[in-house]
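For reference, the structure is listed below as structure tokens.
The values are calculated or read from the model by the stated rules, or taken from the named source; none is laboratory data. The model shown is predicted, which means the values in this text are computed figures rather than measured ones. No Cβ is skipped: glycine too gets one built from the backbone with ideal geometry, and neighbour counts run over all protein chains shown.
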């Protein structure tokens with residue numbers, strides 16, 4: 001239950017002075033629906049105002065003048081600004097307003113009045129101009145103009161300075177709270193108290209105060225990380241407290257492993273051992289199997305399924321798309337059926353009598369393994385004895401979808417799989433409620449993908465080579481990047497590229513993009529898998545895990561727009577067969593230094609985990625790791641890269657707090673409850689689920 005001291009922060013933003021029906025939606029868009037969201041929106045910049053005179057004004061700087069109004073110059077025709085000509089003892093300064101400003105300026109600032117005018121200086125030859133001054137006050141009130149002013153996010157209709165007023169009022173509503181952080185840790189880090197840190201956050205005095213590394217920001221970031229890690233640790237403890245069937249390694253998996261045409265890698269053996277340890281414990285498994293594309297995660301999952309069958313239990317594997325589900329089925333079914341286990345594929349395509357037959361086999365237990373899509377968690381799907389749930393690319397499913405599937409078995413174990421490499425330093429934030437197994441070895445015999453970068457002017461040469469390769473039976477992907485600002489531009493560019501490739505190569509060029517119906521997209525992908533399409537142009541990231549062994553060429557346009565991890569995942573679509581494979585990274589010259597470093601790393605390494613760590617080091621703006629697509633939590637104050645040293649400390653602190661005080665009843669425990677309510681990271685919150 002939320003403590004009363006937090007009530008003022010959990011009221012709607014419309015309770016802030018000046019936030020009426022028109023402004024409230026703008027504030028919600030920038031910050032969120034409640035006062036706490038405004039409080040947790042830090043300034044992003046700093047304006048320094050210097051006093052000056054017209055003869056010393058500096059173009060581009062924000063400066064303050066003491067002037068006398070000399071004349072009002074109304075616009076002579078539509079579209080022209082209203083101008084005020086003002087002067088000081090050194091010359092003239094022109095103040096200009098566009099759109100709607102007019103005679104009221106003449107009434108408020110009559111000729112002869114002395115004014116303090118402050119804003120960004122623009123020089124046009126010898127003329128000094130300030131467009132839309134930030135301040136225009138009586139000269140006697142010049143002291144009211146701040147010398148240092150924080151800049152907040154803004155949007156049309158809600159300028160930064162107005163948002164700052166709301167942020168300062170939100171700060172007034174924040175009462176000092178009982179300390180939840182460990183005193184020795186606070187002293188070591190020189191952290192201020194929570195309320196003091198917020199005051200420093202909203203009143204920066206220098207650029208260093210805006211940095212994620214400022215002491216106030218680190219303090220608040222740690223609070224957010226600790227609240228999240230507590231929720232994850234509590235969720236993990238709740239799952240473990242749920243009794244689960246004990247599954248032992250059995251003869252079926254031994255036989256299935258011996259029948260494999262290859263030997264397991266050391267990493268696969270280690271991961272399988274960890275999975276088996278969990279399944280035999282009697283506690284509910286919650287484990288993530290993380291491995292690069294082609295590292296052999298599915299084989300580990302298959303052997304775990306065979307163990308479940310040996311114990312008389314059923315298994316289910318759910319994939320985000322039908323084509324992936326079908327590929328998993330084609331991998332698993334022959335190996336498991338050879339051991340006498342019935343495997344069914346259930347997707348949205350199954351209707352009527354065939355679907356009823358499959359549902360019957362799951363309900364009576366005659367089918368030991370089900371592979372499928374969202375169709376698996378529908379209400380009419382029932383299992384006789386579901387013991388193991390496997391979810392591929394688990395972040396592609398909602399929390400409730402994953403839960404609905406797992407709840408079809410009493411205490412069913414959960415094995416999640418992901419081919420998105422997350423740096424170790426960030427694993428705790430994404431998968432803090434799961435144990436993690438890493439498959440960090442590739443199976444022997446994998447052909448490395450030759451990677452090279454080429455400038456876009458060489459596209460005609462690359463198309464010519466692509467045509468020759470396609471005529472020789474090779475298949476290729478051609479990736480056009482997402483253009484976040486406009487799906488239409490994105491689609492137009494892809495359609496144009498597909499058309500130019502068809503002109504050069506012929507009709508066997510396919511196109512998939514985000515606006516296609518799923519069934520149409522699947523049909524094109526299947527045609528590519530079947531070899532009917534030789535070159536596939538895609539606007540979206542080609543499905544993780546899609547296996548087309550004959551595809552040996554990957555061309556990525558504007559590779560400099562992608563993060564390293566994303567480029568590596570795309571490259572992983574090729575190099576799965578016997579053909580020598582290549583990846584061409586096209587870029588618009590000249591390359592920035594960071595982009596050059598990224599491409600160099602890709603050329604040197606094919607280790608997804610190493611690449612993810614390097615991506616972290618080279619991190620630029622935006623989301624270069626593709627973290628949002630990986631189920632990454634939406635932090636407000638913590639920067640998972642800048643504050644990665646705090647993540648492990650927060651995880652250890654959370655474990656220690658709960659080990660000593662599981663019900664949070666001690667004085668510190670009660671303060672920690674307030675922290676959890678403040679950040680709203682609930683142990684079962686679907687909004688913030690990261691596991």
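Does residue 357 satisfy being in the same structural domain as residue 431 (by TED's automatic domain parsing), in a helix (DSSP H, G or I) and under 24 Å from residue 525 (Cα atoms)? Even if it seems obvious, please write down each step before you answer.
On the way: in the same structural domain as residue 431 (by TED's automatic domain parsing): yes; in a helix (DSSP H, G or I): yes; under 24 Å from residue 525 (Cα atoms): no.
The answer is no for residue 357.
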| request: Scan the range 267-285 residue by residue and report those that are outside any helix (DSSP H, G or I) and buried (at least 22 other Cβ atoms within 10 Å of the Cβ). | output: 285
| message | Could you check the range 106-134 and list, in sequence order, the residues that are surrounded by fewer than 18 Cβ atoms within 10 Å (Cβ to Cβ) and within 39 Å of the chain's Cα centre (by Cα)? | response | 120, 131, 132
| said: Could you list, ordered by first residue, the pairs with Cβ atoms under 8 Å in which the first is in the range 570-598 and on the phi > 0 side of the Ramachandran plot and the second is outside any helix (DSSP H, G or I), at least 6 apart or interchain? | reply: 575/294; 575/446; 575/447; 575/448; 575/449; 575/552; 575/581
| request: Could you tell me whether residue 305 is outside any helix (DSSP H, G or I), in contact with a strand residue (DSSP E or B) (Cβ under 6 Å, 6 or more places away or on another chain) and in contact (Cβ under 8 Å) with a residue 40 or more places away in the chain? | output: no
| request: Tally the residues that are in contact (Cβ under 8 Å) with a residue 40 or more places away in the chain, buried (at least 17 other Cβ atoms within 10 Å of the Cβ) and more than 30 Å from residue 292 (Cβ to Cβ), restricting the search to the range 354-398. | output: 3
| query | What about residue 185, is it outside the structural domain of residue 12 (by TED's automatic domain parsing), outside any helix (DSSP H, G or I), touching a residue at least 60 places away in the same chain (Cβ under 8 Å) and farther than 30 Å from residue 52 by Cβ? | reply | no
| Residues of the range 7-60 being out of contact with any strand residue (DSSP E or B) (no Cβ under 7 Å at 6 or more places or on another chain), in a loop (DSSP other than H, G, I, E, B) and surrounded by 18 or more Cβ atoms within 10 Å (Cβ to Cβ), which ones? | 16, 19, 31, 40, 41, 42
| Which pairs do you get when a residue that is at positive phi, found in the range 41-61, comes within reach of a residue that is modelled with pLDDT of 95 or more, reach meaning Cβ atoms under 8 angstrom, with the pair 6+ apart or on two chains? | 60/120; 60/121; 60/122
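Of the residues 446, 452, which single one is touching a helix residue (DSSP H, G or I) at 6+ places or on another chain (Cβ under 8 Å) and surrounded by fewer than 18 Cβ atoms within 10 Å (Cβ to Cβ)?
Going through 446, 452 in turn, the sole match is 452.
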| said: Checking the structure you have, find out if any residue of the range 294-302 is more than 30 Å from residue 605 (Cα to Cα) and crowded, with 23+ Cβ neighbours inside 10 Å. | reply: no
| field | Lone unmet requirement of (1) crowded, with 20+ Cβ neighbours inside 10 Å; (2) more than 19 Å from residue 546 (Cα to Cα); (3) modelled with pLDDT of 80 or more for residue 625 | value | (3)
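So which strands (runs of 3 or more DSSP E) are wholly in the range 406-456 and hold at least 2 residues that are within 22 Å of residue 270 (Cβ to Cβ)? It would help to see each step written out before you state the result.
Values: elements: 413-418, 435-439, 449-455.
Filter on the range 406-456 gives 413-418, 435-439.
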| said: Out of everything in the range 583-601 that is part of a loop (DSSP other than H, G, I, E, B) and modelled with pLDDT under 85, what residue ends up being surrounded by the most Cβ atoms within 10 Å (Cβ to Cβ)? | reply: 591
